[in-house]
Amino acid sequence: MRTDPAETGRTPGADAAGDSERQGERGERGERLSLWRRWRAWLPFVARPLRHGIVIFIVLLIVEYLVVPELVGASKDLYLLGRVNAFWLAAGVILEAWSLFCYGLLTQTMLPPGAHNPGLSRLFRIDLAAAAVAHVIPAGTLGSAAVGYKLFTAEGIKGHDATVMMAAKGLGSTVVLNVLLWLSLVVSIPLAGFHPIYVTVAITGAVIMLAVAALAFGFIRGARHASRILHFVGDRIPGMSGDRLERALLDAASSLSALARDRRTLVMSLTWATLNWLLDAASLWCFVAAFGRFVTRSVATLGVLAWRLVNFWLPIPAGAIAYVSLKVPRGAGLKAWRAAMSALLARPGPDEPPEGPG
């Protein structure tokens, strides 16, 4: 039985018009979805060049407005290179080498009680290799931590022992640096007068110290609560074990607490961390002194540039050699050295599993 549209109160042809509108809306949605799918297909090819372009633009701005003016100013004083003092240059290089060596001693000191100790020579080369990685890749600290962890565990140090040592070393070194910074401000104000930048430096140091203290307190005192959270999270991540994560955190907290209670370890670690920073600063002073007795602007620029050449760039080839020496047995040929160097430069594949705590 057919119903007359007029009897139902509908306008004749309204159904056809409504169907046409719905079809039009579906067609527009389909077109938008098609455009979005095409854009998503091209997005990976556009995002990476765009990101690289932004980074290059920022670097160019830094070079243009910060680096070039300093180099131009320094180029006018290149005559100072003819008066450079070779004794102070050699002293700067030696002091920087001793600074790095003290960092290796700090690494050895911060190993938890009962942890495997592969020897100072190998620990020093691991630190040097990690420093080289930190100087050549973006977000270098993360990359150097990954390389350091991999090399430490390859030497037989357990995963949680390596983690505790690296965390304690990083936190302790940061605290020592800020304490030295505050002491230098206290000394420099009577000698050189007060500068507004001192307030910014003091506040920044205080914030860092508070953050380190909160992190250490939370890690040691709140380890059990945090371990339960990790257990809950780990059970819900494919391939992870909540029990293993909880046990690793509790073991790390226990080892860190043992380090904090060991007075001899605290004294030795503070000593090596302090010497690491003081020798680094003394190396900088030697490079400045190599270009003149008084720190004028031109002498300071050339001195800092020479110091950064040794402090930043020299550890890169030295660290690469240290890494290869750890991987290649003594007496191996050139082919083995090339293979180890290729392994250092190669990135892990997408199917390579990450190393977990040992």
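The values are calculated or read from the model by the stated rules, or taken from the named source; none is laboratory data. No experiment lies behind these values; they were computed from the predicted model shown. Heads up, the Cβs are rebuilt from the backbone with ideal geometry, glycines too, and the neighbour counts pull from every protein chain shown. For the accessible areas, the whole protein counts, side chains as well, though only heavy atoms, and no ligand, DNA or RNA atoms are used. Shrake-Rupley method; radii C 1.70, N 1.55, O 1.52, S 1.80 Å.
Annotations
- With the whole protein complex present, E155 retains an accessible surface near 40 Å², based on a 1.4 Å probe.
- Calculated FRET efficiency for the pair K335/F312, C-beta based, R₀ 35 Å, to 0.05: 0.65
- Two-decimal log10 I(q)/I(0) for region 280-332, as the Debye equation yields it once each C-alpha is a single scatterer, q = 0.18, 0.21 Å⁻¹: -0.61, -0.71
- The calculated FRET efficiency for the pair F57 and V186, based on their C-beta separation and a Förster distance of 41 Å, comes to about 0.50.
- Top positive-direction residue, dipole computed over region 76-198 with Cβ charges, set F124, V176, S99: F124
- Peptides 120-133, 274-287, 174-187, ordered by how many other C-beta atoms sit within 10 Å of their residues on average, highest first, read 120-133, 274-287, 174-187.
- Segment M209..F87, full-extension length gain: 40.2 nm, with 0.36 nm per residue of separation and the alpha-carbon distance subtracted.
- The string of couplings for region 197-205 from the Karplus curve (6.51, -1.76, 1.60, θ = phi - 60°) is 5, 4, 5, 4, 5, 5, 5, 4, x Hz, one whole number per residue in order, with x for Gly and Pro.
- Contour minus Cα-Cα distance for L305 and V136 (0.36 nm per residue): 59.1 nm
- Computing FRET efficiency as 1/(1 + (r/R0)^6) for I94 and N117, where r is the C-beta to C-beta distance and R0 is 25 Å, gives about 0.40.
- Note on K327: accessible area approximately 90 square angstrom, rounded to 10, probe 1.4 Å, nucleic acids and ligands left out.
- Region 135-210 - Rg over Rh from alpha carbon coordinates, Kirkwood radius: 1.16
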